[in-house]
1. With a 10 Å radius around each residue's Cβ, average the other Cβ atoms per peptide and rank 103-114, 24-35, highest first.
2. With viscosity set to 0.692 mPa s and temperature to 37 °C, compute the Stokes-Einstein D of segment 97-241, Rh being the Kirkwood radius across alpha carbon pairs; µm²/s, no decimals.
3. At 7 Å along the Cα-to-beta-carbon direction for both Leu166 and Arg65, put a label point, then send me their distance in nm to one decimal.
4. Hey, how many Å between the Cα centroid of segment 127-191 and the Cα centroid of segment 11-28?
5. Cβ neighbours within 10 Å, averaged per peptide: list 145-151, 64-70 in order, most packed at the top.
6. Taking the chain as the reference, fit the longest principal axis to its C-alpha atoms, fit the long axis of helix 238-258 to the helix C-alpha atoms, and give the angle between the two in degrees, 0 to 90, nearest 10.
7. Can you compute the helix-only [θ] at 222 nm over the chain? Use -39500 (n - 2.57) per DSSP H run of at least 4 residues, normalise by all residues, nearest 500 deg cm²/dmol.
8. For labels at Glu25 and Gln58 in the simple 7 Å Cα→Cβ model, what's the distance in nm?
Amino acid sequence: MEDLSRYYTLLRDPARRKIIEVLGEQGKIGFKELRENLGLGVGTVYYHLDMLSDFLVQDKQRKYRLNDRGRLLYKSLKGGSLPPTLDIGEAFSHRLGRWLFLSPIFMRTTQPVRLLPVSIFILVFGALGSALANLDPMLFFYFPFTAYEFETVAVLFLFNWIGLFLFSNFLIYLLYRWVGGDLQLFTCLGIASFPLALFPYIYMLVPYDVARYLQLLLQIWSLLLLSSAFCFGKGLRLDKSIVVSLTIIYLNVMMLIILGRFP
């Protein structure tokens with residue numbers, strides 16, 4: 001069998017190790033039963049199953065079971081033959097990456113109702129900031145000196161992110177036939193909007209030339225958080241989430257070019 005240290009990222013997560021153990025013990029299991037066993041949200045379970053796709057198969061009844069590689073992995077888990085690296089604490093770079101993607105926060109959205117108020121607060125915070133700073137919000141971009149009224153600017157900010165939720169849901173289904181986890185996705189997207197919700201307040205405090213560069217950094221961070229939101233909200237693997245995120249920002253730029261907002 002290949003060196004298990006290659007699968008450090010997969011096996012260090014207790015939920016994924018439990019999936020392997022449950023399937024190894026029960027032989028096969030349906031999604032609903034597996035989700036109840038894990039006590040996780042729909043999107044999170046799909047995410048873990050996608051990460052373990054090299055070790056799993058589905059039968060005609062759409063029940064999950066281990067393939068040959070999965071059974072070998074299960075035997076290694078039960079035999080205690082995992083490499084010592086799996087028991088080593090997280091490296092600083094890994095911890096930094098987790099917080100850059102806000103993974104510890106997104107993981108709590110498995111029960112989205114708990115963090116939904118926080119998500120809504122961030123969106124309202126961004127909407128009020130845009131209006132107070134007199135900025136014209138266009139999803140990932142802001143343009144100074146808007147001609148809209150205070151209330152219109154606030155509503156426009158909210159409309160952008162609600163529209164993003166609806167469009168990304170459709171795009172994910174179109175690309176990957178992924179369904180479910182809508183409330184978790186909405187909660188995750190609200191959290192992902194935090195960097196851009198914060199920008200109007202920074203804009204009011206620092207010179208415009210400084211704010212422009214800070215906006216770029218916050219846009220990049222928001223793009224990372226958007227990818228993380230799709231991972232946890234819809235259960236997509238990170239590479240698939242990045243495809244969706246890049247598609248959205250590309251369409252955002254194209255729309256601005258069509259509207260004549262970019263030179």
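Every number here is computed from the coordinates shown, using simple stated rules; none is lab data. Here the structure is a predicted model, which means the values were calculated and not measured. All Cβ positions, even for glycine, are placed from backbone atoms using ideal geometry, and neighbour counts span all protein chains on display.
1. Values: 103-114: 16.7, 24-35: 14.6.
Descending packing order for the listed peptides: 103-114, 24-35.
2. Values: Rh = 15.4 Å.
Answer from the Stokes-Einstein relation: 213 µm²/s.
3. So the two model labels end up 4.4 nm from each other.
4. Answer, in whole Å: 37.
5. Numbers: 145-151: 11.7, 64-70: 16.3.
Top to bottom by mean Cβ count within 10 Å: 64-70, 145-151.
6. Long axis of 238-258 versus the principal axis of the chain: about 20 degrees.
7. Numbers: 13 runs with 179 residues, N = 263.
Rounded to the nearest 500, the figure is -22000 deg cm²/dmol.
8. 2.5
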